[in-house]
Amino acid sequence: SSGINAEYGNPRGGGEVGVSIEPIRSLSPVRLTERGEITHVTVKVYLCGSLPSSLGERCLHTAEQIIKRRFSATKVPVKAILSRNDEAFGNGWGLQISAETAGGCLLTSTGNGNPKISPERLASDTAERVIKDIDEGGCVDSYMQDQIIILMGLACGVSQVRSGPLTLHTKTAIHLLESMTAAQFTVTKDPNPAPGEQSYVIECRGIALENAYLTQSNSTDMD
């Protein structure tokens, strides 16, 4: 479990995140290849400190309109949230857009506010990134793609994850895992993609790493 104990403004810092982790003995393999349709999208703008609300409202409105236009044919619900914390450390603002699917997948894009970039430009760039990930047909977004590689490599058995075109970070992660461990990866282009999709299936036979500090009686496997 995790939670935000204190928010902050960039670049001053001072935020605090609390995380609680239950130790496990080993990671189970994952099969994430069926995404399902997009069920709803959440657009959230957060403001910290003394920044004017109009900044967030402009960003939120632009992002919301872009997402609604993309899903105008299917009428996917779009939830818009403007969150502000006047007691945060320093001033800062940003945007997060998350699309949830019928198969339980979550594709997200984020953007940090910058005095040199207008709220409309930030909204457009962030929305277009998540739309690109959605249209490519993957079950993970381009940010999560490389992060899941190490977990696949350490897990027991064979894992499969459907993604969009591999990013440079993902290719690097695969190279490092194969160089440093006995994990074996294969990447196969989807032979039957939907129109416009560019999806791939990343498959890995993990090394079945076990936590030697846990006894069998007090350990659990991660599903």
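The values are calculated or read from the model by the stated rules, or taken from the named source; none is laboratory data. Keep in mind that what you see is a predicted model, and the values were worked out from it rather than measured. Cβ coordinates were reconstructed from backbone atoms using ideal geometry, including for glycine residues, and neighbour counts include every protein chain displayed. Protein only, heavy atoms only, side chains kept; ligands, DNA and RNA dropped before computing areas. Shrake-Rupley method; radii C 1.70, N 1.55, O 1.52, S 1.80 Å.
Before moving on, here are some points about what is shown:
- Criterion applied to A182, A173, A208 was being among the hydrophobic types (A, V, I, L, M, F, W, C) and in a helix (DSSP H, G or I), and the one residue passing it is A173.
- Top-ranked residue in the stretch 87-107 [being buried (at least 19 other Cβ atoms within 10 Å of the Cβ) and touching a strand residue (DSSP E or B) at 6+ places or on another chain (Cβ under 6 Å); ranked as modelled with the lowest pLDDT]: A88
- Qualifying residue in the stretch 58-66 (condition: within 18 Å of the chain's Cα centre (by Cα) and open to solvent by 70 Å² or more (accessible area, probe 1.4 Å)): no
- Restricting G153, G157 to residues that are among the small types (G, A, S), within 26 Å of P191 (Cβ to Cβ) and open to solvent by less than 10 Å² (accessible area, probe 1.4 Å) narrows the list to G153.
- The listed residues are R84, R121, R70, and the only one of them that is over 22 Å from the mean Cα position of the chain (by Cα) and open to solvent by 60 Å² or more (accessible area, probe 1.4 Å) turns out to be R84.
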